[in-house]
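Below is one structure, written out as structure tokens; the observations come after it.
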Amino acid sequence: MNRSRSSFYAWAVVAMLVPVALLNYLDRMMVATMRTSIRADIPTIASDADFGFLMALFMWIYAFLSPVGGYLADRFNRRWMVILSVFIWSLVTWLTGHAHTFTQMAWTRALMGMSEAFYIPAALALIADFHTGPTRSRAIGIHMCGIYAGQALGGLGGYIADKASWRDAFYWFGSAGVLYAIFLMFALRTARTPEAENSKENLSVGNSMRALLGTGAFLILIVYFTLPGIPGWAIKNWLPTFLATQFNLQQGLAGMSATGYVTLASFFGALIGGALADRAMRFTPRGRIYVSAIGMGLCAPALIGLGHVGSLGFAIVCMILFGLGFGFFDANNMPILCQIVRPENRAVGYGIMNLVGVAAGAGITVLMGAMRDRGISLGVVFSICAAAALIGGLLILLVRPRRQEIPKAL
């Protein structure tokens, strides 16, 4: 394959995976935006704590299986991990529309967590395989835009539930995902680059863990990934409910407001943050680290503002500021990881980061549900989360990259 065709297909991979990232988050986010309709239709979901448990169950299983998905993607084939993951979770999405009890809903959320855990580590590592030089942050950032689009469209779930049935949303999007997985079987290829074809003969679980957990910079990155993830999951799972309660909004409007402003800002934040980081890498190998830290500097005041919000207009400003900063953060996590660990450990490395970060997010999700049952405002949690963002922004500055970028550009 010549250079121009290689460059074209590298970007085609990103374009093909953006819809997958969209479905990945759309399917999981719809539950949060259809809380009222689901609880009314399934009375065995008896409290907000029960509902919080359903969201957290997905997150716990997703978290603990992420390193497994990452290891399998590193050890075997990243392309097939992506295809099988989207096919299975889309089938589970369709099955969710058939749930009629708390137990059935819990099983579908558990299966969703199992199937989706294999996607993100494999997909980001696959993109990094194709984008080996100074396009990496931009490529990852564009892929993350698919995630933000999925979060925003997740708000449609509330409108679908209001106008038709919450079950219809799961039927429609689940079917679309199954069809797209079939398309990927024919269109998506494995990267064929020297960096992606390093020997895997010694890639045992023990060797991978020693290589990763024996690296101080990677341990710092785990903590850094986790701290902003706590407010990130709090925003994803409970901001629709917070806005509906705080400003007496209907389910559909609250869901679209919570997902729309944050994710639209994150969309542009990922594009801007990716471009700035790639440009900064021309001057310093810590360019991506600095841009990511700036993102945390934007998130912290936004969270404080949400904790003390007095009007919907001010809340919108805070949501936009948070989304912009989070986009800077999201676009650079995998690129920073690529500067720290070897290519054959990237997917499992990201999986470990997901394990810790999402598990912490699950904890905050359950805690916020319990707080609502006790009449405590969710704004209190948003204010406390600002400290996590600030600490994270300072912590990432301690990382010293060990791997230099390959200078050629795709």
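If I filter region 197-207 for residues that are basic (Lys, Arg), modelled with pLDDT under 85, surrounded by fewer than 23 Cβ atoms within 10 Å (Cβ to Cβ) and out of contact with any Phe, Trp or Tyr (no Cβ under 7 Å at 6 or more places or on another chain), do I get at least one hit?
yes
What is the number of the single condition among (1) basic (Lys, Arg); (2) under 29 Å from residue 269 (Cα atoms); (3) in contact with a Leu (Cβ under 6 Å, 6 or more places away or on another chain) that residue 109 does not meet?
(2)
Which residue, of 329, 322, is assigned to a helix (DSSP H, G or I), over 13 Å from the mean Cα position of the chain (by Cα), under 22 Å from residue 231 (Cα atoms) and aromatic (Phe, Trp, Tyr)?
Numbers: 329 fails: over 13 Å from the mean Cα position of the chain (by Cα).
Of 329, 322, the one residue that is assigned to a helix (DSSP H, G or I), over 13 Å from the mean Cα position of the chain (by Cα), under 22 Å from residue 231 (Cα atoms) and aromatic (Phe, Trp, Tyr) is 322.
For the list (1) under 15 Å from the mean Cα position of the chain (by Cα); (2) hydrophobic (A, V, I, L, M, F, W, C); (3) within 24 Å of residue 142 (Cα to Cα), I need the number of the one condition that residue 359 fails.
(3)
Since residue 132 meets every condition but one in (1) part of a helix (DSSP H, G or I); (2) surrounded by fewer than 24 Cβ atoms within 10 Å (Cβ to Cβ); (3) polar (S, T, N, Q), which condition does it not meet?
(1)
Condition test on residue 149, is it aliphatic (A, V, I, L, M) and outside any helix (DSSP H, G or I)?
no
Give the residues of region 29-69 that are of a type in the set (S, T, N, Q) and under 10 Å from residue 113 (Cβ atoms), sorted by residue number.
First pass over region 29-69, keeping only residues of a type in the set (S, T, N, Q): 33, 36-37, 44, 47, 66.
Matches in region 29-69: 66 only.
Residues of region 295-350 being crowded, with 24+ Cβ neighbours inside 10 Å and acidic (Asp, Glu), which ones?
Once the filter is applied, which keeps residues that are crowded, with 24+ Cβ neighbours inside 10 Å and acidic (Asp, Glu), region 295-350 yields only 330.
If I go through region 75-125 residue by residue, how many of them are under 18 Å from residue 59 (Cβ atoms), polar (S, T, N, Q) and within 19 Å of the chain's Cα centre (by Cα)?
Residues that pass the stated criteria total 3.
Can we say residue 392 is at pLDDT 90 or above, touching a Leu at 6+ places or on another chain (Cβ under 6 Å) and of a type in the set (Gly, Ala, Ser)?
Judged against the criteria, residue 392 is a match.
Identify the residue in region 237-271 that is touching a Ser or Thr at 6+ places or on another chain (Cβ under 6 Å) and under 17 Å from residue 308 (Cα atoms) and, among all such residues, is modelled with the highest pLDDT.
It comes out as 243.
With the structure loaded, tell me whether residue 117 is in contact (Cβ under 8 Å) with a residue 12 or more places away in the chain and touching a Phe, Trp or Tyr at 6+ places or on another chain (Cβ under 6 Å) or whether it fails that test.
yes
Just to be sure, is residue 353 surrounded by 16 or more Cβ atoms within 10 Å (Cβ to Cβ), of a type in the set (A, V, I, L, M) and out of contact with any Gly (no Cβ under 8 Å at 6 or more places or on another chain)? Before you say what the answer is, go through the steps one by one.
Values: surrounded by 16 or more Cβ atoms within 10 Å (Cβ to Cβ): yes; of a type in the set (A, V, I, L, M): yes; out of contact with any Gly (no Cβ under 8 Å at 6 or more places or on another chain): yes.
Answer is yes for this residue.
Scan region 302-319 residue by residue and report those that are over 22 Å from the mean Cα position of the chain (by Cα) and touching a residue at least 12 places away in the same chain (Cβ under 8 Å).
Restricting attention to region 302-319, the residues satisfying the condition of being over 22 Å from the mean Cα position of the chain (by Cα) are 304-305, 307-315, 317.
Across region 302-319, the qualifying residues are 304, 305, 307, 308, 309, 312, 315, 317.
Identify the residue in region 277-294 that is charged (D, E, K, R) and in a helix (DSSP H, G or I) and, among all such residues, is surrounded by the most Cβ atoms within 10 Å (Cβ to Cβ).
Restricting to residues being charged (D, E, K, R) and in a helix (DSSP H, G or I), the top hit is 288.
When you go through 249, 253, 271 one by one, which is the residue that is surrounded by fewer than 21 Cβ atoms within 10 Å (Cβ to Cβ), in a loop (DSSP other than H, G, I, E, B) and not polar (S, T, N, Q)?
Every option except 249 fails the conditions.
Is it the case that region 363-377 has a residue that's over 30 Å from residue 72 (Cα atoms), at pLDDT 85 or above and in contact with a helix residue (DSSP H, G or I) (Cβ under 6 Å, 6 or more places away or on another chain)?
Checked region 363-377: no residue is over 30 Å from residue 72 (Cα atoms), at pLDDT 85 or above and in contact with a helix residue (DSSP H, G or I) (Cβ under 6 Å, 6 or more places away or on another chain).
The values are calculated or read from the model by the stated rules, or taken from the named source; none is laboratory data. This one's a predicted model, so the numbers in the text were calculated from it and none came from an experiment. Note that each Cβ is placed from the backbone with ideal geometry, even for glycine, and that neighbours are counted across all protein chains shown.
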